[in-house]
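Below is one structure, written out as structure tokens; comments come after it.
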């Protein structure tokens, strides 16, 4: 390994660490979870208060957990449980979509930069 190989490794490591900081500042933590059922917003819930919500959709009850300023779906009546496998979300602009049960959980709050608004 030459001197320039070591310099390149250090440079790439520094860029990697810097990119984590940049992503954290560009995509701020969301403030609320907005829940839509069949296209209608049924409520917005603070991410600061831990709770489990039971939301009724066309197929049945979907359970949504808010904990540690993050949101996830823990129970869903649909066949493939895709929205459960999406895991936790916490950044403004992210969403959990339970299409068979027509429930969308989205994070709202501080602005988010994307290709359209930037």
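Structure above, values below:
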| read-out | value |
| --- | --- |
| Residue within segment 9-28 that is touching a strand residue (DSSP E or B) at 6+ places or on another chain (Cβ under 7 Å), on the phi < 0 side of the Ramachandran plot and in a strand (DSSP E or B) present | no |
| In segment 18-27, the residues that are without any contact (Cβ under 8 Å) to a residue 24 or more places away in the chain and either exposed (fewer than 10 other Cβ atoms within 10 Å of the Cβ) or within 18 Å of the chain's Cα centre (by Cα) (or both) | 20, 21, 22, 23, 24, 25 |
| Residue match in segment 30-51 (condition: more than 15 Å from residue 107 (Cβ to Cβ), touching a helix residue (DSSP H, G or I) at 6+ places or on another chain (Cβ under 8 Å) and surrounded by 12 or more Cβ atoms within 10 Å (Cβ to Cβ)) | no |
| Residue check, residue 37 within 18 Å of residue 100 (Cα to Cα) and in contact with a strand residue (DSSP E or B) (Cβ under 8 Å, 6 or more places away or on another chain) | yes |
| Evaluation of residue 93 against (1) surrounded by 11 or more Cβ atoms within 10 Å (Cβ to Cβ); (2) under 15 Å from the mean Cα position of the chain (by Cα); (3) without any contact (Cβ under 8 Å) to a residue 40 or more places away in the chain; (4) not in a strand (DSSP E or B) (one fails), failing number | (3) |
| Test: residue in segment 73-83 that is in a helix (DSSP H, G or I) and farther than 12 Å from residue 106 by Cα | yes |
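A short reminder: the numbers here are calculations on the coordinates, not readings from a lab. Predicted model only: the values in this text are computed from it and were never measured. We place every Cβ from the backbone using ideal geometry, glycine too, and count neighbours over all the protein chains shown.
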